[in-house]
1. With a Förster radius of 45 Å, plug the Cβ-Cβ distance of K3 and D322 into 1/(1 + (r/R0)^6) and report the FRET value to the nearest 0.05.
2. Taking a cut-off of 21 Å between Cα atoms, list the lysines near K344, but don't count ones fewer than 8 places away on the same chain.
3. From the phi of every residue in segment 193-210, what ³J(HN,Hα) in whole Hz does the Karplus formula 6.51 cos²θ - 1.76 cosθ + 1.60 yield, where θ is phi - 60° and glycine or proline is x?
4. Please report the relative contact order for the chain, taking Cα pairs under 8 Å with a sequence separation of at least 6, and give it as a percent rounded to a whole number.
5. So which trypsin sites (Lys or Arg not before Pro) in segment 2-99 end up in coil per DSSP with only 13 or fewer other C-beta atoms within 10 Å?
6. On the accessible surface of the chain, probed at 1.4 Å, how many percent belong to carbon and sulfur atoms?
7. State, in angstrom, two size descriptors of segment 133-176 derived from its alpha carbons: Rg to one decimal place and Dmax to the nearest whole number.
8. In whole Hz, what ³J(HN,Hα) sequence does segment 145-158 give by Karplus (6.51, -1.76, 1.60; θ = phi - 60°), x for Gly and Pro?
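The values are calculated or read from the model by the stated rules, or taken from the named source; none is laboratory data. Quick caveat, the model's predicted, so the values are computed rather than measured. We place every Cβ from the backbone using ideal geometry, glycine too, and count neighbours over all the protein chains shown. Please note that ligands, DNA and RNA were not included when accessible areas were found on the heavy atoms of the full protein model with its side chains. Shrake-Rupley method; radii C 1.70, N 1.55, O 1.52, S 1.80 Å.
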Amino acid sequence: MNKNYYAILMAGGVGSRFWPVSTTEFPKQFHDMLGSGDTLIQKTFGRLSKLIPAENILILTNELYNDLVLEQLPMVKQEQVLLEPAMRNTAPCILYASLKIKKENPDAVMVVAPSDHWIEDEEAFVANLQQCFDFCQKEDALLTLGIQPTFPNTGFGYIEYDQSDENQIKKVNQFREKPNYETAKSFLEAGNFLWNGGIFIWSVKSITTAFEKFQPQMNALFLNGMDCYNTSSEKDFITQNYALAENISIDYAVMENASNVYVLPATFDWNDLGTWGQLHEKIDKDENNNGVINAKVILENASNNIIRSDANKIIVVDGLHDYIIVDKEGVLMIYPKSKEQDIKRITGLANNL
């Protein structure tokens, strides 16, 4: 394996739209959401380690989840787990990890990937990633893997690339915010728009140069810790300084400002598993399109439902269509799929009971 290859695995999210399974104490990346035998973070780590040395994979997460990471990824050492003492979106944690990597290996190229996405064709993913690494070792490029859109999704941002570019890796014209339905339809019809899946590849030199140019204040803040990184004094520096960083995403902080941004249209199937409805798409279903995870069911006059239980109990459903039915310890949720975006709000109400 190439010792210059690194990964930053983002594992700090709460996944509140997967309540009641995903909670602040135990979020979705640490669950086996599809009943596959592995949790989402285990699947992602395994996929990345096909190309990247396991010791070069850093996990960025909240302090709350340190023990969960070490328990589910026993091959990982404590120094590979970067703990965020405050929630500050993706730009600060990427800069922090990038400077750590730069100090250890200034020739590094890295991928930044969410820990909770589902990718079925892992061979295609590894081939795409290898192509991106090869490109970024030669070019001063900020590269992203764009996902081929399958329908006019209004829940994702889009990447518009240069339609006249005949190369496999294409120059990005601009990032586009989450559109309304009509705009999303026009994106698909245009043919040069991809979903922004939040997977980024670049050399450590290119990304740190970009932060220096576009985020000088944040860059100066984290550069102050350069002597501390990869030493016993790193934790104290991060505890004292991390919360001073601006709360901003990598898209806003860097990608939307830079001119050296490229995209490779991905050739693998991808699902960000952001909602119960997206999970329903990925699991096996019966002849009435009911998807069942970990439950024994009796279904009559029922269709298009997703049913999940942790207790392997018998669940009887009659006369329900297009519902999310989740049984989890002290919570039973029976909720229309059409309102799944409201589950975030319901989580807050339930926490006050």
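1. Values: r = 50 Å, r/R0 = 1.12.
Efficiency for this residue pair is about 0.35.
2. Answer for K344, where 21 Å is the Cα cut-off: K28, K178, K328, listed by chain and number.
3. The phi angles translate into 10, 10, 6, 8, x, x, 10, 10, 9, 6, 7, 5, 5, 5, 6, 5, 5, 5 Hz.
4. 20 percent.
5. Working: sites: K3, R17, K28, K43, R47, K50, K77, R88; in loops: K3, K50, K77, R88.
Passing sites in segment 2-99 are K3, K50, K77.
6. C and S atoms contribute 46 percent here.
7. 12.1, 35
8. 8, x, 9, 5, x, 9, 7, x, 6, 9, x, 10, x, 10
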